[in-house]
Amino acid sequence: MAAAGARSRSRSPRTGVALEGLETVVVNLDRRPDRWERVQKMLSEQAPFLKVSRFSASDGSKMEIPESEIAMTWNTKHNALYGDYDDEKFTDPGVVYKMSGGERGCAHSHYRIWKMAAERTEPLFVVEDDATFDFDRTGDNGKFSGKLFRERFEGALREVPRDIDVLYLGWSGHREGNFKHMDWTPQKETKFIKKAEYVWTTIAYVLWPAGARKLLEAAQPMNQPVDNFMAWENREGRINSYVVVDEGDGDDEWAGGIVDQLDFFGDSDIQKSDGGDQGDDTKALLVEKEESKENLENTVAA
């Protein structure tokens, strides 16, 4: 027990990040106490080494969110370079959608967290309230668990470079071995992390203060749903992001990591304006052509 305690207090030799007591905020809507109760119980039982607090999320369906912080509309042209859209028009010239209340609320929640993180000296662990450690691992490796979460999280923190900005613990999309745009060669072989190019989801990520400041500088306003926005900033080289991989997460896997979403398709508070993988109505928030022309210049800025 003494040896384990010593390890738990140790810091990553590369970044100086201690897993024990890592400041962790859980994004949770006031109207979803059920989600907070579940995730709080899970974290206290399976990751008691984290210092967890609840973060009251912005409810985009009930509150006014400043357009100077989160845009009202967004253009698909960046995301369509990676997403599974069914027509070339989504890439060029792109299709303009109104962000749903859920998308704007989610984006604003993370924007507010970035402001907190930017003022810190240590990284901040951001977790959404539908995160889970209970999922089937890739490659017939059985079920994931809190024990494995700690092992692989610690391993990842040992491997991250000093100039890292974002570390995704759950992800889908393009990363090392599956690049479309980046010309990047790893400096050394890693077991727990891979360089990201363009990955989705904000289910769980570690954000360093410098990365938070870079995101805030770019978000004037945030002109895409938050995961698209973060992915594009990384793709363009303005932030430096990595993903954590689980054993079995190979280059042919589309999604992976050490955190999953509890019910991706069945229990979402966020309507996807472009339909997303959830199959939401793709026309409900579509901006008419006349209005698209007027807003296009503001919503496609890099």
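Listed by first and then second residue, the pairs with beta-carbon distance under 6 Å, at least 6 apart or on different chains, first residue in the stretch 33-51 and in contact (Cβ under 8 Å) with a residue 60 or more places away in the chain, second among the aromatic types (Phe, Trp, Tyr), are Gln46/Phe133.
Across the stretch 203-259, the number of residues qualifying as β-branched (Val, Ile, Thr) and farther than 11 Å from Tyr168 by Cα comes to 2. The residues of the stretch 121-135 that are open to solvent by 10 Å² or more (accessible area, probe 1.4 Å) and closer than 18 Å to Gly21 by Cβ, listed by number, are Thr121, Glu122. Quick check on the stretch 83-100. Is at least one of its residues out of contact with any helix residue (DSSP H, G or I) (no Cβ under 7 Å at 6 or more places or on another chain), part of a helix (DSSP H, G or I) and aromatic (Phe, Trp, Tyr)? No; the residues of the stretch 83-100 include none that is out of contact with any helix residue (DSSP H, G or I) (no Cβ under 7 Å at 6 or more places or on another chain), part of a helix (DSSP H, G or I) and aromatic (Phe, Trp, Tyr).
Quickly run through the stretch 152-165 and pick out the residues that are closer than 21 Å to Glu253 by Cα and either without any contact (Cβ under 8 Å) to a residue 12 or more places away in the chain or crowded, with 22+ Cβ neighbours inside 10 Å (or both).
Phe153, Ala156
When Thr132 is tested against (1) among the polar types (S, T, N, Q); (2) in contact with a strand residue (DSSP E or B) (Cβ under 9 Å, 6 or more places away or on another chain); (3) modelled with pLDDT of 95 or more, just one condition goes unmet, and that condition is (3).
If you check Arg213, Arg238 for being assigned to a loop (DSSP other than H, G, I, E, B) and in contact (Cβ under 8 Å) with a residue 24 or more places away in the chain, only one passes: Arg238.
Does Tyr97 satisfy the condition of being of a type outside the set (Asp, Glu) and at pLDDT below 90?
Taking the combined requirement at face value, the residue does not satisfy it.
If you check Thr138, Thr190 for being closer than 22 Å to Leu262 by Cα, in contact with an Asp or Glu (Cβ under 6 Å, 6 or more places away or on another chain) and either open to solvent by 60 Å² or more (accessible area, probe 1.4 Å) or in a loop (DSSP other than H, G, I, E, B) (or both), only one passes: Thr138. Would you confirm whether or not the stretch 145-161 contains a residue that is under 20 Å from Lys272 (Cβ atoms) and either under 19 Å from the mean Cα position of the chain (by Cα) or of a type in the set (S, T, N, Q) (or both)? No - not one qualifying residue is present in the stretch 145-161.
Does the stretch 46-62 include one or more residues that are within 17 Å of Asp130 (Cβ to Cβ) and part of a helix (DSSP H, G or I)? There is at least one residue in the stretch 46-62 that is within 17 Å of Asp130 (Cβ to Cβ) and part of a helix (DSSP H, G or I).
Out of Ser8, Ser56, Ser61, one residue alone is among the polar types (S, T, N, Q), open to solvent by less than 60 Å² (accessible area, probe 1.4 Å) and modelled with pLDDT under 90. It is Ser8. Ala118 meets the conditions (1) surrounded by 17 or more Cβ atoms within 10 Å (Cβ to Cβ); (2) more than 30 Å from Asp59 (Cα to Cα) in every case but one. The failed one is (2).
Restricting the stretch 170-181 to residues that are assigned to a loop (DSSP other than H, G, I, E, B) and closer than 18 Å to Glu253 by Cβ leaves a set whose member that is most open to solvent (accessible area, probe 1.4 Å) is Lys180. Looking only at residues of the stretch 63-82 that are in contact with a strand residue (DSSP E or B) (Cβ under 8 Å, 6 or more places away or on another chain) and assigned to a loop (DSSP other than H, G, I, E, B), we find that the one that is farthest from Thr24 (Cα to Cα) is Thr76. In summary, Ala196 fulfils each of the numbered conditions (1) more than 30 Å from Val26 (Cβ to Cβ); (2) at pLDDT 95 or above with the single exception of condition (1). Selection of the stretch 141-168 for residues being among the β-branched types (Val, Ile, Thr) and not in a loop (DSSP other than H, G, I, E, B) yields only Val166.
The values are calculated or read from the model by the stated rules, or taken from the named source; none is laboratory data. Computed from a predicted model, the values in this text were never measured in an experiment. Neighbour counts run over all protein chains shown; Cβ positions are idealised from the backbone, glycine included. With ligands, DNA and RNA removed, areas are computed over all heavy atoms of the protein, side chains included. Shrake-Rupley method; radii C 1.70, N 1.55, O 1.52, S 1.80 Å.
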